[in-house]
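One structure below.
The values are calculated or read from the model by the stated rules, or taken from the named source; none is laboratory data. None of these values were measured; they are calculated from a predicted model. Cβ coordinates were reconstructed from backbone atoms using ideal geometry, including for glycine residues, and neighbour counts include every protein chain displayed. We work out accessible area using only protein heavy atoms, side chains counted, and drop any ligands, DNA or RNA first. Shrake-Rupley method; radii C 1.70, N 1.55, O 1.52, S 1.80 Å.
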Amino acid sequence: MSETIVDIDIAALRKKQPRFRGIEAGHRACLGCGQALAARLMTEAAGPDVTLTNATGCLEVFTTPWPESAWRVPWMHSLFENSAAIAAGVEAAYKAQGRKTKVIAMGGDGSTFDIGFQALSGALERGHNMLYVCFDNEAYMNTGIQRSSSTPHAAATTTSPAGKVRMGKRHLKKDIITIIAAHHIPYAATASVAYPSDVRKKVRRAMAIEGPTFLLIHSPCPLGWGHEGNLTIEVARLAVQTGLFPIIELERGQLANTMPIRDPRPVIDYLKVQNRFRHLFADDLRAKEELEHLQALADYNMETYDLRGDGPDAMDTEAADTVKRRGTRWA
């Protein structure tokens, strides 16, 4: 029998292959859910050899309506407070077995900033070889849009309503990345679903490090933030461009890298597209003062992290992730 030689361009073939997806389509997230997109990006970068723990919250609910599951990797549901503790236990068990499988703990801002922080802090302090990913949508969206300690100042939620007494939440958003950095872990970073390539790169970098790592992904919630689902990326990008959500990396507690902002935008560009801030545009002196306060917070971030760019940069807010798949920058 004669042998047929087929000329195959392996590089071209690989580009046509679908990416690995740890979370499958068809789940029940809301249209435009930033958390669903963030989880997809994270699992694409992490690959199949992982075990996930997932605190109670939106992600757990919309991916696992019994008896269905959208997960294609080992996944465990935990309580609000113990995703990090369970991940630490799994990591210790794998180590005892000699397995190299990476463990990723996941939680929303409620389970990370508030309810599960004790378990997270303990896991970081003990040095477990795991990645913790927080999908930050800035409130308890799953239970009715109650404020969390991640909710921005002046945002209206069902437990921090805007009215005659107050102009939304009166407290500041907790500076969780600084608190995490104080644990002096090898790597901690922030990211945004507006920059998917950046998210993937940071997941891969975190997973390649021996020891505890942390990633905070800003993930808009159209329902809780009050914007259309098709505006999720635009809203997320404005949070970065205004300086309200700085994109940074820290190594052993020290600032190591930032995403420069080429053309900083005023915070009102970010606020006015969300109903949770609409009370700030009323004819009210308190609203004017709160707008000035929020701009001051963004200016503080700009100075603290030196976010203002010196000119066009291939990795700044206008250039990062502008190259599509198969381009040189897509990761």
- request: Report, in whole Å, the centroid distance computed from the Cα atoms of segment 33-112 and segment 205-224.
  value: 12
- request: Answer with one residue from 242, 29, 156: the one whose Cα lies farthest towards the positive end of the charge dipole of the chain, charges on Cβ with Lys, Arg +1 and Asp, Glu -1.
  value: 29
statement: Expressed in square angstrom to the nearest 10, the accessible area of residue 24 with a 1.4 Å probe stands at 60
field: Rotationally averaged projected area of the chain (alpha carbon convex hull; nm²)
entry: 20.4
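With a cut-off of 8 Å between alpha carbons and a minimum separation of six or more residues, what is the relative contact order of the chain in percent?
On the way: 666 pairs, mean separation 49.9, N = 331.
Rounded, it is 15 percent for the chain.
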query: How large are Rg and Dmax for segment 124-196 when only the alpha carbon atoms are used, in Å?
result: 15.2, 49
field: Amide H within-cut-off set for residue 76, under 5 Å, with H built and near neighbours excluded
entry: 52, 53, 54
- prompt: Longest exposed-loop-site-free stretch of the chain, with chymotrypsin sites (Phe, Trp or Tyr not before Pro), DSSP loop and at most 14 other Cβ within 10 Å?
  reply: 21-329
- prompt: For the residue pair residue 230 and residue 165, what label-to-label distance in nm results when each label sits 7 Å from Cα along the Cα-to-beta-carbon direction?
  reply: 4.0
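Given a Förster distance of 45 angstrom, what is the FRET efficiency for residue 308 paired with residue 143, based on the Cβ-Cβ distance and rounded to 0.05? Before the final figure, lay out each step's value.
On the way: r = 38 Å, r/R0 = 0.85.
After rounding, the FRET efficiency stands at 0.70.
Rounded, prolate or oblate, given the Cα gyration tensor of segment 165-208, with a/c below 1.5 counting as rounded? Mind showing how you got there, number by number?
Working: a/c = 6.74, a/b = 1.68, b/c = 4.02.
Oblate shape, in that a/c is at least 1.5 and b/c is the bigger or equal ratio.
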field: Relative counts (whole %) of C-alpha pair distances in segment 34-186, using bins that are 10 Å wide
entry: 11, 38, 34, 14, 4, 0, 0
- request: Heavy atoms only, probe 1.4 Å: what % of the accessible area of segment 149-274 goes to carbon and sulfur, would you let me know?
  value: 55
- request: Output the Kirkwood hydrodynamic radius of segment 1-94, Cα pairs only, in Å rounded to one decimal.
  value: 15.6
- prompt: Which Rg and Dmax, in Å, describe the Cα atoms of segment 52-98?
  reply: 11.8, 34
